[in-house]
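A.B. asks: Got a structure for you, questions after.
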Amino acid sequence: MILVTGATGRVGYPLLEALADAGADVTAMVRVPAKGADLPGPAKYIVASFDDPPVAGVLQTFDRIFLLSPAVEDQAELEIRFIDAVIAAGHRPHIVKMAADGFQDPGVEVRFVRSHREVAAHLAASGLPVSYLAPGIYMETLLAAAERIRRDATLYAPSGPGRAAYVAASDVADVAARVLTSPAEDRTYVLTGPEALSGQQVARRISTVFARDVGYADLPAKQAREELLASGLSQWEVDGALELYDWVREGGAATVTADVPEVAGHPARPVEDWLDDNRAAFLDFPPDLPPDVF
């Protein structure tokens, strides 16, 4: 049986759909019962959280656990608490841990990436069998720019000429479903889109898909900080976002791999295809951002 944490997020929800299609025996972990009522397919659910993990008797029923939590300041602490609950239950399920590209490199100090490295170190010490999914930057993060693209016909980002191999959340979910339903393998999957694109290249793709001339503007870091803070993000989130943009600027996000087609069995989704499916956000309505933006 499979336990899916982070079940209602941008990866967890399509993962449940993919597992339902595969006929897998799956249970979702939700914080409140109301969330369980809207899950896709025949998925069962338990009410628990990372700061209040399921009891030992429940954890012992799962032989696979998909480990995904929001990118918050205490993410590593919360996931480690959950892992310790699994260990205390006297159980050794295979953990499929959602990480982020770059977590394997101790030189990457982006806080959203570093937290996964801390959890990975704890998992290594625990001896639990584990696979890692390390996606690059999600295409869904472009939704945060949709309103200004509609208003100004410009994509703003402080990433200079840096390129990113944007990956669709649906592709990450497809890989996760395959890994969770295949023979266990201790491996790290680096999940990317089919090409690495600069901000200027993304703007050109947007122009092509929507038949509108959209440009790219490289924001100074100070202006980016002010605008991110004004958008309502916390200081911690803003600092992390700027670290991430610096990493992109320096070429860290430009890796392209074949892991999505190899594991999911279909090509990685190009950004044009994703944009076409999300045209309402860029042309008509304010974006409905998922809870785990970074």
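The values are calculated or read from the model by the stated rules, or taken from the named source; none is laboratory data. The structure presented is a predicted model; accordingly, all values stated were derived computationally and were not measured. Heads up, the Cβs are rebuilt from the backbone with ideal geometry, glycines too, and the neighbour counts pull from every protein chain shown.
A.B. asks: Name the single residue, out of those in region 164-178 being surrounded by 22 or more Cβ atoms within 10 Å (Cβ to Cβ) and over 14 Å from the mean Cα position of the chain (by Cα), that is farthest from residue 18 (Cα to Cα).
C.D. replies: Step by step, filter region 164-178, then rank; the result is 164.
A.B. asks: Checking the conditions here, which among 109, 118, 73, 77 is free of Cβ contacts under 8 Å to residues at least 12 places away in the same chain and touching an Asp or Glu at 6+ places or on another chain (Cβ under 9 Å)?
C.D. replies: 77
A.B. asks: Follow-up question, since we're still on this one. Please pick out the residue among 142, 133 that is under 26 Å from residue 283 (Cα atoms) and either buried (at least 23 other Cβ atoms within 10 Å of the Cβ) or not small (Gly, Ala, Ser) (or both).
C.D. replies: 142
A.B. asks: Let me ask something additional. Step by step: first the residues of region 44-100, then only those that are under 25 Å from residue 169 (Cβ atoms) and of a type in the set (Lys, Arg), then the one that is farthest from the chain's Cα centre (by Cα). Which residue is that?
C.D. replies: The selected residue is 44.
A.B. asks: Taking the conditions exactly as written (under 21 Å from the mean Cα position of the chain (by Cα) and in the same structural domain as residue 62 (by TED's automatic domain parsing)), does residue 143 satisfy them or not?
C.D. replies: Considered against the rule, which asks whether it is under 21 Å from the mean Cα position of the chain (by Cα) and in the same structural domain as residue 62 (by TED's automatic domain parsing), residue 143 comes out as no.
A.B. asks: While we're looking at this one, here's another question. Which one is farthest from residue 248 (Cα to Cα), of the residues in region 185-202 that are of a type in the set (Gly, Ala, Ser) and in contact with an Asp or Glu (Cβ under 9 Å, 6 or more places away or on another chain)?
C.D. replies: If we take residues in region 185-202 being of a type in the set (Gly, Ala, Ser) and in contact with an Asp or Glu (Cβ under 9 Å, 6 or more places away or on another chain), then 193 is farthest from residue 248 (Cα to Cα).
A.B. asks: Wholly within region 176-294, which helices (runs of 4 or more DSSP H) include no fewer than the required count, namely at least 3 residues that are small (Gly, Ala, Ser) and under 24 Å from residue 112 (Cβ atoms)?
C.D. replies: 221-230
A.B. asks: Still on this model: Within region 1-53, can you find the residues that are among the aliphatic types (A, V, I, L, M), touching a residue at least 24 places away in the same chain (Cβ under 8 Å) and out of contact with any strand residue (DSSP E or B) (no Cβ under 9 Å at 6 or more places or on another chain)?
C.D. replies: Scanning region 1-53 gives 18, 22.
A.B. asks: Could you list, in sequence order, the residues of region 218-241 that are over 19 Å from residue 199 (Cα atoms), among the hydrophobic types (A, V, I, L, M, F, W, C) and touching a residue at least 60 places away in the same chain (Cβ under 8 Å)?
C.D. replies: Within region 218-241, just 236 meets the criteria.
A.B. asks: Still on this model: Six or more apart or on different chains, Cβ atoms under 7 Å: show the pairs whose first residue is in region 185-204 and free of Cβ contacts under 8 Å to residues at least 40 places away in the same chain and whose second is in a loop (DSSP other than H, G, I, E, B).
C.D. replies: Every condition considered, the pairs that remain are 198/161; 198/162.
A.B. asks: Six or more apart or on different chains, Cβ under 7 Å: which pairs go from a residue in region 140-153 that's within 14 Å of residue 199 (Cβ to Cβ) and touching a residue at least 24 places away in the same chain (Cβ under 8 Å) to one that's in a helix (DSSP H, G or I) and aliphatic (A, V, I, L, M)? Could you list them?
C.D. replies: Sorted first by the residue in region 140-153, then by its partner, the pairs are 149/206.
A.B. asks: Further question: For residue 261, state whether it is free of Cβ contacts under 8 Å to residues at least 12 places away in the same chain, surrounded by fewer than 19 Cβ atoms within 10 Å (Cβ to Cβ) and in the same structural domain as residue 128 (by TED's automatic domain parsing).
C.D. replies: Answer is no for this residue.
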